[in-house]
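Data block below; observations after.
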Amino acid sequence: MSTSNTDSHQTEKPKHTNRLITEKSPYLLQHAHNPVDWYPWCQEAIDKAKKENKLIFLSVGYSTCHWCHVMEKESFENEDVAKVMNEHFVNIKVDREERPDLDRVYMLFVMATSGGGGWPMSVFLTPDLRPVTGGTYFPPEDRWGRPGFKTVLLSLAKKWKENQAQFLEASRNIMDALEKIAKVDVKTSSVPGEATWNKCVRRYMMSYEPEFGGFGNAPKFPQSSIFNFLFHYYARDKNNTEGKKCLEMCLHTLTKIAKGGIHDHVSSGFARYSVDNHWHVPHFEKMLYDQAQLMVAYKDAYLATKNKFFADVVRDIVKYVNRDLRHDYGGYYSAEDADSYPTFDASHKKEGAFCVWEYNELKSLLGGKYIGAISYLDVFCDYFNVAESGNISPESDPHKELTNKNVLIIYGSKEETMLNFGLTQEQFDNVIFDCINILYEERQKRPRPHLDSKILCSWNGLIIAGLSQAGQGLGEKCFVEDAIKTAQFVKEYLYDHNTKTLLHSCYRGDNGNIVQTKQPIHGFLDDYAFLIKGLLDLYEASLDLKWLNWARELQIKQNELFWDDENGGYFTCSTEDTTVVMRLKEDQDGAEPSGNSVSCHNLQRLAAYSDKSVAPEGGEHEREMAKKLLIAFSKRLNDSPTALPEMMSALMFYNDSPTQVLIAGGSADPRTLELVRAVRSRLLPGRVLAVADPADAPAVMARIRTAGDVPTAYVCRRYACSLPVTDVKQLEDLLDKA
C-alpha cells in the first residue's frame, strides 16, 4: 500500500488555520493553512453571503492539479490578497472530484463565457449561487494581457457595492442562457443509424496525426473512449477498409504513447497528458481513471494483434496501480501529483522533480556497469534518447523547471539499439531490466509526490472494469481477483445497505483505516454507471452471478434517482441537494466517458442478460430505455459525433444488437472453461458472455440447455442463434465469422 504524502514536509507550526482543517478531502486540506477564510461548500457559507450581502468567490480544483498549486502559492498564500478576499467575499473551496455536480454547472458557465475551461476554476457567484463572472487561473498581478487576481477582486467588490441590481439582472440572464445551452433538445423519434458513426470515423481520420498518432495537436490526451469506438468499428467487419484504418490508427497511437515520456518507463503507469506532439513531456500527474481505461485499450490492442508488447503494457499498468494507488482493503486512490520537492530540504516543489533525470546522475548510477566492453549507460541513453544537456525543448518547459533534465522516451526500437551495440535480444533485455531497477531504487530515495488518498466510487468502478477485462483478455486470474477485492471494498465502504444507494467517496484515515465525512456525499450518475459497468465485466470475468445481480439492483436505483421521464437520458445528479442550481445531462466523453454513454451500454447488456420471456431478445424495458437515451442525444450524435465516441459505440451496439455467447455447463468444468477461453481471447464487438450452470437457479438465460452432459455453446447475432456446438474449434469458427 502506498502511504506517501510529502505535504507533511514542513514541520513548523502553521501561521494560519481555517475551516478546511476539519475536512477529509486531500485538496481541501492542502488549503487549510491559507490566510484565506475558506469555507467548504455548505449552507453556513451560503447563509453568510446572504446575511452580509457579499459575492461568493468559488475556487474549484483538485489536489494533483499543477496550476491549482501555482495559484495557491501566488495568491491564496499571499496575505495581502487574502485580506481583500476575506473583507469583500465569502470564499468557498471545492474539490471537483468530490463534487463533480457543482464543477460541471460552473464549468459550463466558464466555457460558455470565456471559450475555454480548466482548473483551477475561479467563479464569482451571487448569494443565491448564480454565476456572474469567472475564469480559470488568474496571475497575482496584471500580466500576459490578463488582469491580476487582486485587480479582479477589487473591481468586482466595487461594482457589487455600486450597482448590485445590474449584477442580479445579469446573473438571471446568464442562468436563462445556461439552461438553454444545457437543454437536451429532442426533435426526432428515431435512433440514428450507420451514417452517423461513419461520419464520426471520417472525422477521426481527418484529425489523426500520422507521425506520432493521436487526434489533433498538442497538448495530447490519451482519450480512451476514442480507442473503444474505433476498435468496435474495426471489429464489426475486419475486412472493411475504413475499419482496418481505424485499427491502424489505434495501434500506432497506443504504440507511440507506450514509448513516449507520458509513459513512466521507470515506475510504470501513465501521466495525464503530454504538452508536446511527441507524447514526450507530460504534466506528470497520474490519474486512476486513465490507468483503468488504458488497461482496456491496450487489452483490445493485444486481442486484435496478439502482440506481446501490448499485453506487457497492460501488466505494467496493473503493477503501478497495485503498488502505488491501492489501499490494503482493496480500494484504489485517486491520483499522484505532478509536483514534488526536488530534495528533502527544498522549500518549493517542482513539476516532474520525482520523475526526471540529469545525465550526470545517470552516469553515476549506470556508468560503472558493463556487458563485455559495452557500457550500460551508452545502451540506456541510446534507447531512451538521453542527452547530456537534457532532451526537453524550451517550448515544452516555459517555466524553466526542466532545464538539463531528461524525460525518457523511445523514438527508435529495441532492434535498432541492439544493432548499434551488437547485442542479442536477451543481452539487451537484461541491460535495460537492470538499468530500470537501479533507477527505480534511486527514485525511491527522492521525496515522493503527494498522493490523493480519496477513494471514489466512480473511478473504482472503472478500475474494476479494467482489471476484469484485462484478466479475461490476458488470461490473468490474479487481475480478476484484484477486481473482486475492489468490488467487495465498494460494497463495504461506498454502499448504504439500508437505502441500497451508493456513496461517492471515502477516505484513508490517519491510521490507515477508511473514514467518511460527517455528511457522506451521495452517489452521482457516474458512480452508478461506472460501477454497473465494472460489475457486468466482473460477472463475465468471474462467472459469479452475485455481481450481475448487484448490477441489476443498482440499475433500478440509478433509474429511480437520475432518469428523465420527460425527455429520456440521465441527469448527472439527483434532486436531493437544493444548492445545485442546475441539473445537467453530461453530453461529452472526455477524460472519462459520460455517465449517459456508459449507461447506454449497460442497459443493453442487462437487456441481453434478461430472460423474462421466451422471446430471444428479452429485457425489453432496458432496451427501450437505451433507445430513448439515444434519441435524446441524437442531435448531439449527428452534429458533433466526436464529442461522444463512447455513446457512438453504444449506438452501433444498439443497431447491430449484441453478440451473445451463451454457454451451458458447469462453471468449474474444464470443458466449459475452454469454451469460455475461446470467447475471452477474441476482440468481439458488443459481446455479451453468459454462462448457465445447471447447478444454479436459472438466473441467466434459462432457455439454453446443454447437449446431454457436455458443455454447450450458442452464438446469437441479431437475435438469431446458431445451432449448439460443443467443440472449441467449432465455437472459434462461429466467433470469427463476420
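The values are calculated or read from the model by the stated rules, or taken from the named source; none is laboratory data. Here the structure is a predicted model, which is why all the values come from computation and not from measurement. FYI the Cβ positions are ideal-geometry reconstructions off the backbone, even for glycines, and counts take in every protein chain you see. SASA here: full protein model, heavy atoms, side chains in, ligands and nucleic acids out. Shrake-Rupley method; radii C 1.70, N 1.55, O 1.52, S 1.80 Å.
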Checklist line | DSSP-defined beta bridges in the chain - what % are antiparallel, rounded to 5 | finding: 75 percent
Next item on the list: Answer rounded, prolate or oblate for segment 61-160, using the Cα gyration tensor with square roots of eigenvalues a ≥ b ≥ c: rounded when a/c is under 1.5, else prolate when a/b is larger than b/c, else oblate.
Entry: rounded
Notebook entry, point to check: Which listed residue (417, 321, 389) has the Cα farthest towards the positive end of the charge dipole for the chain, taking +1 on Lys and Arg C-beta and -1 on Asp and Glu C-beta about the Cα centre?
Noted result: 321
Check: Hey, what's segment 138-263 come to in accessible area per residue, 1.4 Å probe, Å²?
Finding: 50 Å²
Next item on the list: Under 1.5 on a/c is rounded, so check that first for the chain, then, if it is not, pick prolate when a/b is larger than b/c and oblate when it is not; a ≥ b ≥ c are the square roots of the alpha carbon gyration tensor eigenvalues.
Entry: oblate
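Using a simple charge model, +1 on the beta-carbon of Lys and Arg, -1 on the beta-carbon of Asp and Glu, nothing else, what dipole does segment 167-229 show about its Cα centre, in debye to the nearest 20?
Rounded to the nearest 20 debye, it is 120 debye.
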Next item on the list: Tell me, for the chain, which Cys residues have no other cysteine's C-beta sitting closer than 4.7 Å.
Entry: 42, 200, 246, 250, 355, 381, 435, 457, 478, 506, 573, 600
Check: What are the radius of gyration and Dmax of segment 215-321, computed over its Cα atoms and given in Å?
Finding: 13.3, 40
Notebook entry, point to check: Charges only on Cβ, +1 for Lys and Arg, -1 for Asp and Glu: so what's the dipole of the chain about the Cα centre, in debye to the nearest 20?
Noted result: 1040 debye
Next item on the list: Count neighbours as other Cβ atoms within 10 Å of each site's Cβ, and list the GluC sites (Glu not before Pro) in segment 497-580 that are DSSP loop with at most 12 such neighbours.
Entry: 566, 576
Checklist line | Compactness of segment 187-236 as Cα Rg over 2.2 N^0.38 Å, two decimals | finding: 1.35
Checklist line | In sequence order, calculated HN-Hα J values of segment 490-503 (Karplus, 6.51, -1.76, 1.60; Hz; x Gly/Pro) | finding: 4, 5, 7, 10, 10, 9, 8, 5, 6, 9, 6, 10, 8, 9
Next item on the list: Summarise the accessible area of segment 462-569 (1.4 Å probe, protein heavy atoms) by the percent that is carbon and sulfur.
Entry: 44 percent
Item checked: Length-normalised contact order for segment 29-178 - Cα pairs under 8 Å, 6+ apart - percent -> 26 percent
Note to self: Leaving out ligands and nucleic acids, and using a 1.4 Å probe, what accessible area per residue does segment 459-600 come to in Å²?
What the structure shows: 36 Å²
Next item on the list: Quantify, in whole percent, the carbon and sulfur part of the accessible surface of segment 130-210 (1.4 Å probe; protein heavy atoms only).
Entry: 52 percent
Item checked: Average accessible area per residue (Å²) across segment 267-324 - probe 1.4 Å, nucleic acids and ligands excluded -> 24 Å²
Check: Carbon and sulfur: what percent of segment 29-68's accessible surface (1.4 Å probe)?
Finding: 49 percent
Item checked: Amide H within-cut-off set for residue 688, under 5 Å, with H built and near neighbours excluded -> 659, 660, 661
Check: Residue by residue through segment 99-110, which ³J(HN,Hα) values in whole Hz follow from phi under the Karplus form 6.51 cos²θ - 1.76 cosθ + 1.60 (θ = phi - 60°), with glycine and proline marked x?
Finding: 10, x, 5, 5, 4, 5, 4, 7, 5, 4, 5, 4
Check: Distance from the Cα centre of segment 570-598 to that of segment 121-177, in angstrom?
Finding: 25 Å
Note to self: Under the rule of at least 5 residues apart or a separate chain, name every residue whose amide H is placed under 5 Å from the amide H of residue 352.
What the structure shows: 284, 339, 340
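Sum -39500 (n - 2.57) across every DSSP H segment of at least 4 residues in the chain, then divide by the residue count to get the 222 nm mean residue ellipticity, nearest 500.
That comes out to -14500 deg cm²/dmol.
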Notebook entry, point to check: When the scattering of segment 339-455 is computed by the Debye formula from its Cα atoms alone, each counted once and equally, what is log10 I(q)/I(0) at q = 0.12 Å⁻¹?
Noted result: -0.50
Check: Mean separation of Cα pairs under 8 Å and 6+ residues apart, divided by the residue count of the chain: what relative contact order is that in percent?
Finding: 12 percent
Item checked: Inter-part distance where segment 200-244 and segment 341-379 are each reduced to a Cα centre, Å -> 36 Å
Next item on the list: Could you sort 25-31, 116-122 so that the peptide with the highest average Cβ count within 10 Å comes first and the rest follow in order?
Entry: 25-31, 116-122
Next item on the list: Given a cut-off of 24 Å, name the pairs among 13/51; 93/454; 180/220; 24/83; 286/369; 15/454 whose C-alpha atoms lie farther apart than that in the structure shown.
Entry: 13/51; 180/220; 24/83; 286/369; 15/454
Check: Each residue of segment 211-221 in order: what ³J(HN,Hα) in whole Hz does its phi give by Karplus 6.51 cos²θ - 1.76 cosθ + 1.60, θ = phi - 60°, with x for Gly and Pro?
Finding: 6, 10, x, x, 10, x, 9, 4, x, 10, 10
Item checked: Listed residues 274, 233, 204: farthest to the positive end of the dipole of segment 175-308 (Cβ charges) -> 233
Notebook entry, point to check: Could you state the number of Å between the C-alpha centres of segment 438-503 and segment 295-322?
Noted result: 17 Å
Item checked: Sparsely packed trypsin sites (Lys or Arg not before Pro) within segment 102-208, loop by DSSP, other Cβ within 10 Å at most 12 -> 183, 187
